[in-house]
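Participant: Let me begin by handing over the structure; questions about it come next.
The values are calculated or read from the model by the stated rules, or taken from the named source; none is laboratory data. What you see is a predicted model, and the numbers here were worked out from it, not measured in a lab. Cβ: placed from backbone, ideal geometry, glycine included. Neighbour counts: every protein chain shown. Accessible surface is based on the protein model in full, side chains and every heavy atom, while ligands, DNA and RNA are left aside. Shrake-Rupley method; radii C 1.70, N 1.55, O 1.52, S 1.80 Å.
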Amino acid sequence: WTTTTSTSQINPGAFQGLGILEVLLLNSNKLVVSEDPSLPLGVFDELGDLNLLRFDDNEWRVVGGRSRGEVFRNLSRLEELHIDGIPGHVQFEQSFSQLKQLKTLVIHNGIEVIGNDTFVGFKDSNITTLVLASQQLYDIDTLSFQYFTNLITLNFSDTYLLGVSNISKGWFGLQYTKVKNLYMYWVASWEADDSPAKITESFYKYLNLTLI
């Protein structure tokens, strides 16, 4: 089930009778998640069998420094989630931890900084694959990935602003995961100080603490 690229409002009960729906593509619309959302709380409650939701390329407004994940709270069988538009240094709130079956999390454009507490809301999750594809991402803290204890695959894609030296800071937190696969596509040609990007010995310093 998919919408057009101009949808700005989904009414309560819109998915009533669609309990067998497994794939929902709401990406590239004009939906807003905020204190005054165009996507009402409980709108997905009928979709008990949903396993793939694309909600990227919509507007995700932050309230009190936290992202609002309550709208996804009852998607108990969701296995893959795409979200987008998370500005600044944001903390994913605890409601995301209710997605017990979530295996793949893809974060598209919008996120700028990943701090040590950014992903605290996923600390009880079973996520095995994390994809970061934000062209706005420019900094990562050392313990950014510590909460993904079941993580096996980490994928960076199109993170042009991050730079190789910045990206390698995040490897320290990977020692608390099960990560075995690391992919980097179009990460950076230049570092933050405008020097050419290059992999040095320091890039591997914390990778040696992981299963990679």
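Participant: Could you check how many residues of the stretch 93-111 are open to solvent by 60 Å² or more (accessible area, probe 1.4 Å) and assigned to a loop (DSSP other than H, G, I, E, B)?
Facilitator: 3
Participant: Going through the stretch 47-71 one residue at a time, which ones are at pLDDT 85 or above and either in contact with a helix residue (DSSP H, G or I) (Cβ under 9 Å, 6 or more places away or on another chain) or open to solvent by less than 50 Å² (accessible area, probe 1.4 Å) (or both)?
Facilitator: Once the filter is applied, which keeps residues that are at pLDDT 85 or above and either in contact with a helix residue (DSSP H, G or I) (Cβ under 9 Å, 6 or more places away or on another chain) or open to solvent by less than 50 Å² (accessible area, probe 1.4 Å) (or both), the stretch 47-71 yields Leu47, Gly48, Leu50, Asn51, Leu52, Leu53, Phe55, Asp56.
Participant: I'd like the full set of residues that are in contact with a helix residue (DSSP H, G or I) (Cβ under 9 Å, 6 or more places away or on another chain), of a type in the set (Phe, Trp, Tyr), over 14 Å from Val179 (Cβ atoms) and assigned to a loop (DSSP other than H, G, I, E, B), limited to the stretch 120-166.
Facilitator: Tyr138
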